[in-house]
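My questions will all concern the structure given below.
The values are calculated or read from the model by the stated rules, or taken from the named source; none is laboratory data. Quantities reported herein were computed from a predicted structural model and do not represent experimental measurements. Using ideal geometry, Cβ is built from the backbone for each residue, glycine included, and neighbour counts are taken over all protein chains shown.
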Amino acid sequence: MAIRPVLRMGDARLLQCAGLVGSFGSDELHKLLVDMRDTMQALEGVGLAAPQLGVGLRVVIFGVQKSSRYPDAETVPETVLINPVITPLDDQTEQAWEGCLSLPGLRGLVPRFQNIRYQGYDENGTPIDRTVSGFHARVVQHECDHLDGMLYPARIQDITQFGYTEELFSESEA
């Protein structure tokens, strides 16, 4: 349908908590999901949350086969996740580099739970219940943070590990 502009850090709408989706299968939800997919693919993202498009609903999409932004990333299945709930399975965390379509050109070293369970619904209201780890768990946590008005820089523990990609990494690592 359409590639929509992604809100950037500084836009107050990114700091708001998103509301629950009450009905599944609607034309509005379908159009939003098409626009989210088109936008994410055009920008080579691995995930996108509805609030990044200025829509205050608890809707995220994610998935990656191969990514120039995350060349070493494992495959993550294409997923629509609505009204998600994340449960850490243990206290194990891992720091890894993250970027965000709302902070173009920037990266930061962010701690995340390594092992999580996430639950929610797909676009038709079918329940989703998965236990995941690694990059998959990181992507889900990152996208779901957007639903609570949280951007990844708020999670960075060492601000010296935050900056522009081209400054932080050589060409071969960026």
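Would you please list the contacts, defined by Cβ atoms under 9 Å and residues six or more apart or on different chains, that run from a residue in the range 16-39 that is free of Cβ contacts under 8 Å to residues at least 24 places away in the same chain and of a type in the set (G, A, S) to a residue that is part of a loop (DSSP other than H, G, I, E, B) and surrounded by 12 or more Cβ atoms within 10 Å (Cβ to Cβ)?
Listed pairs, sorted by first residue: S23/G125.
Residue by residue, here is whether (1) under 15 Å from the mean Cα position of the chain (by Cα); (2) surrounded by 17 or more Cβ atoms within 10 Å (Cβ to Cβ); (3) in a loop (DSSP other than H, G, I, E, B) holds:
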residue	(1), (2), (3)
T87	no, no, no
D90	no, no, yes
Q95	no, no, no
S102	yes, yes, yes
G108	yes, yes, no
R112	yes, yes, no
Y118	yes, yes, no
N124	no, no, yes
D129	no, no, no
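I would also like to ask the following. Only one of R58, R69 is in contact with a Pro (Cβ under 8 Å, 6 or more places away or on another chain) and basic (K, R); which?
Step by step, each of R58, R69 is checked, and only R58 is in contact with a Pro (Cβ under 8 Å, 6 or more places away or on another chain) and basic (K, R).
Which one is farthest from R107 (Cα to Cα) among residues in the range 21-52 that are among the hydrophobic types (A, V, I, L, M, F, W, C) and touching a Ser or Thr at 6+ places or on another chain (Cβ under 7 Å)?
Only one residue tops the list, namely L48.
Could you check the range 12-49 and list, in sequence order, the residues that are loosely packed, with under 14 Cβ neighbours inside 10 Å, among the acidic types (D, E) and at pLDDT 95 or above?
D27, E28
Kindly check whether there is at least one residue in the range 138-154 that is within 16 Å of M9 (Cα to Cα), assigned to a helix (DSSP H, G or I), of a type in the set (F, W, Y) and in contact with a strand residue (DSSP E or B) (Cβ under 7 Å, 6 or more places away or on another chain).
Among the residues of the range 138-154, at least one is within 16 Å of M9 (Cα to Cα), assigned to a helix (DSSP H, G or I), of a type in the set (F, W, Y) and in contact with a strand residue (DSSP E or B) (Cβ under 7 Å, 6 or more places away or on another chain), which makes the answer yes.
Just checking, how many residues over the range 87-105 are under 25 Å from T39 (Cα atoms), touching a strand residue (DSSP E or B) at 6+ places or on another chain (Cβ under 6 Å) and not charged (D, E, K, R)?
Counting residues in the range 87-105 that are under 25 Å from T39 (Cα atoms), touching a strand residue (DSSP E or B) at 6+ places or on another chain (Cβ under 6 Å) and not charged (D, E, K, R) gives 3.
Of all residues in the range 131-144 being out of contact with any helix residue (DSSP H, G or I) (no Cβ under 7 Å at 6 or more places or on another chain) and in contact (Cβ under 8 Å) with a residue 60 or more places away in the chain, which is surrounded by the fewest Cβ atoms within 10 Å (Cβ to Cβ)?
In this case the residue turns out to be G134.
Of all residues in the range 24-80, which are in contact with a strand residue (DSSP E or B) (Cβ under 8 Å, 6 or more places away or on another chain), among the hydroxyl-bearing types (S, T, Y) and assigned to a loop (DSSP other than H, G, I, E, B)?
Of everything in the range 24-80, those that are in contact with a strand residue (DSSP E or B) (Cβ under 8 Å, 6 or more places away or on another chain), among the hydroxyl-bearing types (S, T, Y) and assigned to a loop (DSSP other than H, G, I, E, B) turn out to be Y70, T75.
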